[in-house]
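What follows is calculated from the coordinates using simple rules that are stated; it is not laboratory data. Nothing here was measured: the structure is a model prediction, and the numbers come from that model. Virtual Cβ from ideal backbone geometry, glycine too; neighbours counted across all protein chains shown.
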Amino acid sequence: MAQPTEPSRKPAARSLFKGPWFANMDFIASSDPLNAHHIFSKSYAKYRKGEDFKAIFEFLGEGIFNVDGESWKFQRQMLHSILNNEELQNHMTTTLKLKMEGTLFPVLDARAGAEVDMQEVAKMFMFDNICLWVLGFDPGYLSVDGRSETFPYDKAFEEIFEAVIYRHIVPRGVWEFQKRFGIGSEKKISHSTKVLDEFIYNAIRIKKQEMQKEEQGQQLDMLTQLMIAGQKGESSDKSLRDMVFTLIAAGKDTLSSTLSWLLWLVATHPDVEKKILEEIERVTAMAGRQESDKGTYRFLISKDELNGLVYLHATICETLRLYPPVPFEHRCADEADVLPTGHRVKKGMRMLFSIYSMGRMEEIWGKDCMEFKPERWISEEGNIIHVPSQKFMAFLTGPKTCLGKAMSFMQLKFIVSAILWNYKLDMVEGHIVKPTPSIVLSMKDGLKMRVYKRDV
Ligand code: HEM
């Protein structure tokens with residue numbers, strides 16, 4: 001049975017790391033819940049993303065991830081109301097279902113029995129899906145013919161996310177010098193940013209033309225909503241580009257990462273798979289359905305049935321505990337401070353917070369912290385146990401908590417229940433799954449599986 005790697009049994013590691021004296025790279029690394037509450041909630045105004053963060057993630061422009069203060073407040077309010085709009089949520093659910101029926105199932109059917117990299121499938125599916133929500137069109141990246149090499153956009157995001165790790169480990173002056181002369185990973189970042197800018201500006205231009213046509217009914221994608229909201233204030237193409245870039249970056253890899261790690265964990269824990277299938281059967285009253293209905297591989301759960309999938313909800317939480325898509329966070333101290341753990345923080349010092357280590361700490365999760373055990377999330381009464389967000393930080397904690405959390409659970413429940421009910425996924429023998437260094441946790445050599453259509 002596969003086991004998650006690298007335990008973190010040390011009491012809430014907190015250490016000072018010294019960079020070269022000239023580089024201003026000293027930082028404190030922590031995974032302590034008390035420090036998390038202090039940095040991200042109680043004193044969050046003191047711990048901003050800071051100028052270094054903004055420089056490292058400059059390709060996000062003035063999008064919500066990269067700003068503090070009034071600009072952050074304004075964007076947060078706007079995105080909060082868009083993401084909580086019921087009509088929009090229903091639209092997202094409908095497009096997701098159509099996309100699964102129209103593309104995901106045919107792709108899996110076409111490759112039945114063959115070796116499939118499910119991480120690739122998850123990435124392509126989520127990219128198409130997020131473009132549908134955000135831009136209102138399907139780029140058709142995932143197709144029965146396989147990944148199109150002429151489709152550079154998802155690859156461009158991947159290259160940026162991998163290359164940006166380098167900016168975290170060398171002094172700012174070094175990567176800025178390389179950027180000026182287009183050397184090494186900096187060359188990749190500039191090239192990929194240009195590719196993505198072209199894609200997004202083009203989508204904005206087309207959307208503007210569509211909106212000018214009176215006969216076009218109101219569209220329910222996020223770009224249209226952002227444009228409508230922007231008409232009341234200032235909304236330049238550049239600010240739309242920054243928001244759209246950020247939303248695609250925020251949603252696509254976090255969801256495809258969770259889906260990939262979950263499929264691997266479930267495939268290597270048959271007891272968990274069995275319980276998920278039993279739950280789907282119970283909640284959807286599958287047993288009582290017509291034979292013809294039961295036999296259809298196009299089974300999809302309905303929105304009303306989602307709340308009943310408690311064990312699946314727990315499985316998603318357990319996956320996110322062990323494999324948080326955003327494995328670390330950093331902040332910069334705006335002023336001198338003392339952390340609850342007693343550490344002195346100098347003004348301007350960087351804080352590196354490991355969400356990954358926190359999910360593997362014995363003092364939070366107990367002696368079985370390294371085991372994949374969805375049951376730990378379920379109470380005796382059969383409800384989900386609430387774990388405070390400063391201990392379960394996959395979606396962060398405090399005022400900057402992820403705005404897509406509820407939507408992510410909903411989407412993942414739809415997708416996972418449909419895949420697991422309709423297909424049996426086995427690991428390809430000898431394939432080793434291991435994480436790769438990137439700002440989003442993905443699998444180094446993919447997720448090689450064999451997919452079989454279930455005889456339901
Ligand atoms: C499993 C899926 C997801 C995980 C684990 C996740 C995790 C996170 C984390 C850790 C942050 C904090 C980042 C930071 O401040 O540096 C964040 C923020 C954010 N997320 Fe997610 N996310 C997920 C899915 C999504 C989706 C689908 C969307 C919507 C498209 C989304 C939208 C956002 C936004 C807008 C923020 C910024 C919030 C703010 O700064 O106020 N996320 N997310």
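A few notes on this one:
- Over 24 Å between alpha carbons, listed pairs K73/K194; K99/K413; K42/K405: K73/K194
- In this calculation the C-beta distance from N85 to S379 is compared with R0 = 45 Å, giving a FRET efficiency of 0.90.
- Cross-link partners of K367 among aspartates and glutamates, defined as those whose alpha carbon lies under 18 angstrom from its own and excluding same-chain residues fewer than eight positions apart: E6, D32, E318, E375.
- Each Lys and Arg contributes +1 and each Asp and Glu -1, all at the Cβ; summed about the Cα centre of the chain, the dipole is approximately 1260 debye.
- Ordering 64-70, 249-255, 222-228 by mean Cβ neighbour count within 10 Å, with the highest value first, yields 249-255, 222-228, 64-70.
- Between E281 and F181, the C-beta separation translates, for a Förster distance of 45 Å, into a calculated FRET efficiency of about 0.15.
- Placing pseudo-labels 7 Å out from each Cα toward the beta carbon at K303 and K155 gives an inter-label distance of 3.8 nm.
- From the largest down, segment 345-456 spans 60, 40, 32 angstrom on the principal axes of its Cα atoms.
- Cβ-Cβ FRET estimate between E115 and D271, R0 fixed at 35 Å, reported to 0.05: 0.90
- Quotient of C-alpha Rg and 2.2 N^0.38 Å, computed over the chain: 0.99
- For R454, nonlocal amide neighbours, meaning residues 5 or more places apart or on other chains whose placed amide H falls under 5 Å from its own, are Y423, K424.
- Computed [θ] at 222 nm, helices only, for the chain once each DSSP H run of length n ≥ 4 contributes -39500 (n - 2.57): -15000 deg cm²/dmol
- In Å, descending, principal axis extents of the Cα set of segment 22-112: 56, 34, 30
- Antiparallel DSSP beta bridges within the chain, percent to nearest 5: 85 percent
- In this label model, E335 and T436 are separated by 4.4 nm, measuring between points 7 Å along each Cα→Cβ vector.
- Spatial offset of segment 319-381 relative to segment 398-436 amounts to 21 Å, using the alpha carbon center of each.
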